[in-house]
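Data first, discussion second: the structure below is written as structure tokens.
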Amino acid sequence: MSATVQFVATSPQDLKNEITADVKVVLDDFLKHFAPVQPKEYLTRSDVAKMFSVDISTVHNWCKSKRLNPLGIGSRVYFLRSEIEASLQPLNV
């Protein structure tokens, strides 16, 4: 059994315009609330040392003093860029 739908007093272009307008409203609402997830960026000890123009031993000291939170895989040490930036503190000059 098949159903037939008829649109009375509606042209194909009018129907297309109505559908397009409704889809646009839903899409605009979606885009207002959509926030793409940024991938985490990992930095090596050398990257962090270059970022702050310091020696790798300074980065090591910051880890020992708990100023930085190192992450590791095997013998490799990494830092999350977001955590490095969050560890910066404003100076009262």
Would you tally the residues in segment 59-75 being within 25 Å of the chain's Cα centre (by Cα) and not in a loop (DSSP other than H, G, I, E, B)?
-> 3
Can we say residue 78 is at pLDDT 90 or above and touching a Ser or Thr at 6+ places or on another chain (Cβ under 7 Å)?
-> yes
Scan of segment 1-51 for residues that are touching a helix residue (DSSP H, G or I) at 6+ places or on another chain (Cβ under 8 Å), without any contact (Cβ under 8 Å) to a residue 12 or more places away in the chain and not hydroxyl-bearing (Ser, Thr, Tyr), ordered by number | 7, 49
Output the qualifying pairs, or none if there are none: Cβ atoms under 6 angstrom, residues six or more apart or on different chains, first residue in segment 74-93 and in contact (Cβ under 8 Å) with a residue 24 or more places away in the chain, second residue part of a loop (DSSP other than H, G, I, E, B) and acidic (Asp, Glu).
-> 81/41
Residues 37, 23: which one is farther than 19 Å from residue 87 by Cα, open to solvent by 70 Å² or more (accessible area, probe 1.4 Å) and not in a helix (DSSP H, G or I)?
-> 37
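So that you can scan it fast, the table gives a plain yes or no per residue for (1) of a type in the set (Val, Ile, Thr); (2) open to solvent by 100 Å² or more (accessible area, probe 1.4 Å); (3) in a helix (DSSP H, G or I); (4) at pLDDT below 95:
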{"position": "6", "(1), (2), (3), (4)": "no, yes, no, yes"}
{"position": "10", "(1), (2), (3), (4)": "yes, no, no, yes"}
{"position": "18", "(1), (2), (3), (4)": "no, yes, yes, yes"}
{"position": "46", "(1), (2), (3), (4)": "no, no, yes, no"}
{"position": "50", "(1), (2), (3), (4)": "no, yes, yes, no"}
{"position": "54", "(1), (2), (3), (4)": "yes, no, no, no"}
{"position": "57", "(1), (2), (3), (4)": "no, no, yes, no"}
{"position": "84", "(1), (2), (3), (4)": "yes, no, yes, yes"}
{"position": "89", "(1), (2), (3), (4)": "no, yes, no, yes"}
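The values are calculated or read from the model by the stated rules, or taken from the named source; none is laboratory data. Worth saying up front: this structure is predicted, and the values here are computed from it rather than measured. Virtual Cβ from ideal backbone geometry, glycine too; neighbours counted across all protein chains shown. These area figures cover heavy atoms from the full protein model, side chains too; ligands, DNA and RNA do not enter into them. Shrake-Rupley method; radii C 1.70, N 1.55, O 1.52, S 1.80 Å.
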